[in-house]
1. What percent do you get for the relative contact order of the stretch 124-195 when only Cα pairs under 8 Å and 6+ apart count?
2. What lysines sit close enough to residue 68 to cross-link, taking a C-alpha to C-alpha distance under 25 Å and skipping anything fewer than 8 places away on the same chain?
3. Relative contact order for the stretch 48-195 using alpha-carbon pairs under 8 Å, separation at least 6, rounded to a whole percent?
4. Could you point to the residue in 27, 156, 169 farthest towards the positive end of the chain's charge dipole, with +1 and -1 charges on the Cβ of Lys/Arg and Asp/Glu respectively?
5. For the stretch 1-110, with only Lys/Arg (+1) and Asp/Glu (-1) charged at the beta-carbon, what is the dipole magnitude about the Cα centre, in debye rounded to 20?
6. Using helices alone, what [θ] at 222 nm do you get for the chain, with -39,500 (n - 2.57) per DSSP H run of 4 or more residues, divided over all residues and rounded to the nearest 500?
7. Once both axes come from the Cα atoms, what is the angle between helix 21-30 and the longest principal axis of the chain, in degrees from 0 to 90, rounded to 10?
8. Taking 8 Å as the Cα distance limit and 6 or more residues as the minimum spacing, I'd like the relative contact order of the stretch 1-105 as a percentage.
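Every read-out reported here was derived from the displayed coordinates using simple, explicitly stated rules and does not represent laboratory data. None of these values were measured; they are calculated from a predicted model. A quick note on method: Cβ atoms are made from the backbone with ideal geometry, for glycine too, and the neighbour counts reach across all protein chains shown.
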Amino acid sequence: MPEPGFGPKRRLGILISGRGSNMMALAEGARDPASPYEVALVASDKPDAAGLAWAGEQGIPTFAQSPKGMPKAEYEATIDAALRDAGVEAIALAGYMRLLTDDFVARWRGRIVNIHPSLLPKYKGLDTHARAIEAGDTHGGCSVHIVTEELDGGEVLGQAQVPVLPGDTAETLAERVLAEEHLLYPRIVAEWLNR
Ligand code: GRF
């Protein structure tokens, strides 16, 4: 019996390419009885992604498809089919290192979020921490945003700031920002799915 006041959970699919620490944070968040979502599928373009093994050990359904030797549209169609077969209603990108095609974004319009390691609109793309340090910024941080056709360009749903400390390198700043990502992402995904 669900707890009184808690509706049926939204089915979240998570796309990863690597270690999957943000995926783990989302899966931990789903354990909260008040969470509005459950993790229906963790899918990866890298069959050997460390995060996939972890998800499997947790009993979360997993799917892997390498895009190698396959037209991009065909690769994405297999990911799309796996998500739909798992009854996924919303998608969280968590270190998924491939650009989604406009067609895929259109099919899931408004139902994909991403976490990006900068205070958007600053530093879209790669090397965000090095660019923040190089610019002399007092703060780095992370942003959760809706995914649109524009890279790292959709509506920002939430951010966390992290001070840049004297002597910070891209690696030390990335480590402190990542700890904030793990707090921010489950909270904002829950808010987003509740709204
Ligand atoms: C994180 O820094 C996230 O902000 C970025 O890619 C990294 C993924 O790390 N999008 P992980 O795989 O979640 O550990």
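1. 31 percent
2. 46
3. 17 percent
4. The residue sitting farthest along the positive end of the dipole is 27.
5. That gives a dipole near 140 debye.
6. Calculated mean residue ellipticity at 222 nm is -11000 deg cm²/dmol.
7. So the inclination is approximately 50 degrees.
8. 36 percent
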